[in-house]
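Following: one structure in structure tokens, then a few remarks.
The values are calculated or read from the model by the stated rules, or taken from the named source; none is laboratory data. Here the structure is a predicted model, which means the values were calculated and not measured. Please note: Cβ atoms are built from the backbone with ideal geometry, for glycine as well, and neighbour counts cover all protein chains shown.
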Amino acid sequence: MIQIDGLSKAFGGLQAVDACSFSVGKGRVTGLIGPNGAGKTTLFNMVAGFLKPDDGKVVLDGEDVTGLPGHVLFHKGLVRTFQIPHEFSRMTVRENLMVVPPAQVGENLIKSWLRWSKVRAEEIRVRHKVEEVLDFLSIDHLADELAGNLSGGQKKLLELGRTMMTDPKVVLLDEPGAGVNRTLLGKLAEAIQRLNEERGYTFCIIEHDMDLVSKLCDPVVVMAQGTVIAEGPMHDIRANREVQEAYLGGGMSGRMGHHHDVARQQAAAQAATLTPREAGA
Ligand SMILES: Nc1ncnc2c1ncn2[C@@H]1O[C@H](COP(=O)(O)OP(=O)(O)O)[C@@H](O)[C@H]1O
Ligand SMILES: [Mg+2]
């Protein structure tokens, strides 16, 4: 589905992504993990067309799409989750879904907008789709709520819903679990799984919550210092020495550990949420 080949990006003297290569297989949920500062978000930004790579290639469904802008990739079915823009927080959940532009607006639709009956048909289609998305995500009860009043987890579900409005082929999610409570995390995981299994969505997910990663992702790709250091099923990744060392080196000891080490894991998790600047580095 997506081939990432030798992708690189430097910020000043800092090599954020360094000849990174891996594939996102069609119909799979690929996990992307690694210590803070590994270059995961920068990689996503390049793949989704929000940042131009210095070097390397991105191939989508056999087509070289390197450096194409985000809106062009969007029309090719590749989307990053839509953050809910600030101005939309004063719109309801339903309105937030209504205003997502259709990905497949071709000339035909634009021409047909001149014809009232077609406009009307399109409006009815969008309204149906909105109700279907609300139902799929079990957020019907929130339809008339202002987006700004939603909890962190509810916002993530709405973001996923906005993505669904475009019938994407491949969805990139950057830390969907961050700031989401346990109950909603379960709901979010279930929605991702069902979109993958029932509708054939391909996902690539950056996530720090290892439980979520083991539950959803196969394979898992591990990045450290801008490059891929391991790739495979989560079971093998956990046992991989180089991966463990990368996390230790990043001050994230315990992050890959097991449940009995909860206090250590929490301390490490906290440390991991600090940016180098915040940590005084
Ligand atoms: N716009 C930017 N300008 C300068 N440095 C950046 C920028 N974006 C990211 N970085 C740096 O690039 C490195 C990789 O960051 P990032 O891709 O956000 O890592 P991750 O998502 O894996 O935590 C970090 O050292 C970060 O500070
Ligand atoms: Mg990041």
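Among residues of the range 118-133 that are in the same structural domain as GLY161 (by TED's automatic domain parsing) and under 23 Å from ASP144 (Cβ atoms), those with a Cβ under 7 angstrom from a residue that is charged (D, E, K, R) and assigned to a helix (DSSP H, G or I), sequence gap 6+ or separate chain, pair up as VAL130/ARG94.
Filter the range 189-206 for residues that are closer than 19 Å to LYS129 by Cα and not in a loop (DSSP other than H, G, I, E, B); which is nearest to ligand 1 (Cβ to nearest atom)? Only one residue tops the list, namely ILE192. Taking the range 169-188 as the range and being within 16 Å of ligand 1 (Cβ to nearest atom) and in contact with a Phe, Trp or Tyr (Cβ under 9 Å, 6 or more places away or on another chain) as the test, the residues that pass are LEU172, LEU173, ASP174.
Residues are listed down the side, and each one gets a yes or a no for (1) away from ligand 1 (no atom under 13 Å from the Cβ); (2) surrounded by 15 or more Cβ atoms within 10 Å (Cβ to Cβ); (3) polar (S, T, N, Q):
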position	(1), (2), (3)
ASP18	no, yes, no
GLY37	no, yes, no
LYS40	no, yes, no
PHE44	no, yes, no
LEU51	no, yes, no
VAL59	yes, yes, no
ASP64	yes, no, no
LEU68	yes, yes, no
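Can you find, within the range 163-183, the residue that is nearest to ligand 2 (Cβ to nearest atom) among those that are in a helix (DSSP H, G or I) and crowded, with 18+ Cβ neighbours inside 10 Å? Going through the qualifying residues, I end up with THR163.
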